[in-house]
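The values are calculated or read from the model by the stated rules, or taken from the named source; none is laboratory data. Just so we're clear, the structure is a prediction, and the values are computed from it rather than from any experiment. We place every Cβ from the backbone using ideal geometry, glycine too, and count neighbours over all the protein chains shown.
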Amino acid sequence: MREGAMGRLEVITGCMFSGKTEELIRRLERVRIAHGQILLFKPTIDDRYSRNAIVTHYGREFEAHLLPPGSESIETLIEIIGEEGLYAGAVVAFDEGNFFSEKLPLLCEALVAMGKRVIVAGLDLTFAAEPFSPMPTLMALADQVDKLHAVCVKCGRNATRTQRLIDGEPAPVTDPVIKVGGIGSYEARCRDCYERE
């Protein structure tokens, strides 16, 4: 880390299929081109497409370290990548921030205080259209928030909601909040086409 480096927190959010992971990878690729050191973490529960990489719904990927939800701390990062690795990283990024615990905002603030550029991508709302913790806290603390939109599969307008499906029908809001899935299990919908069961 260079002397006097200014840390910052960036949050990329929106519904499923809005391009959050794609945007995260785009930013990380720019850092890589500039020869910056990148540390990327994903929650251990996200094993949809690859165990050791973040992967967009369309197949683009970027290598990542696994971080168990509930253990978000500087000490845990050091256990995973070593003290030298942590201090060498100019950018520390987290994908699927919504799958992490309330410890993630504290970790992000600690990393920013160390002069790191921290980027978190994650859903802002659950499938029941309620704030998806810890993302609201991260958005409030962020220096920059980018809310992306998908295309509503019903009407083609900007989608801001994630519709979970069970056998092609909207899932009841009493379903568990965390259920890892992708195309076929979820749809992007606008506010008007979203159905709350």
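Using the structure shown, decide if residue 57 is farther than 27 Å from residue 160 by Cβ and modelled with pLDDT under 95.
Taking the combined requirement at face value, the residue does not satisfy it.
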* To do: Go through the range 68-93 and give me each residue that's in contact with a strand residue (DSSP E or B) (Cβ under 6 Å, 6 or more places away or on another chain) and either closer than 26 Å to residue 150 by Cβ or acidic (Asp, Glu) (or both).
  => 69, 91, 93
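Can you tell me which residue within the range 83-101, out of those that are charged (D, E, K, R) and in contact with an Asp or Glu (Cβ under 9 Å, 6 or more places away or on another chain), is nearest to residue 52 (Cα to Cα)?
Checking each candidate, the answer is 95.
Considering only the range 61-90, how many residues are under 15 Å from the mean Cα position of the chain (by Cα) and surrounded by 13 or more Cβ atoms within 10 Å (Cβ to Cβ)?
Matching residues across the range 61-90 total 9.
Any idea which residue in the range 106-148 is surrounded by the most Cβ atoms within 10 Å (Cβ to Cβ), counting only those that are more than 26 Å from residue 166 (Cα to Cα) and of a type in the set (Val, Ile, Thr)?
Among residues in the range 106-148 that are more than 26 Å from residue 166 (Cα to Cα) and of a type in the set (Val, Ile, Thr), the one surrounded by the most Cβ atoms within 10 Å (Cβ to Cβ) is 120.
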* Asked: In the range 155-197, what residues are surrounded by 13 or more Cβ atoms within 10 Å (Cβ to Cβ), free of Cβ contacts under 8 Å to residues at least 24 places away in the same chain and among the hydroxyl-bearing types (Ser, Thr, Tyr)?
  -> 185
* Mind counting the residues in the range 10-44 that are buried (at least 19 other Cβ atoms within 10 Å of the Cβ) and free of Cβ contacts under 8 Å to residues at least 12 places away in the same chain? => 0
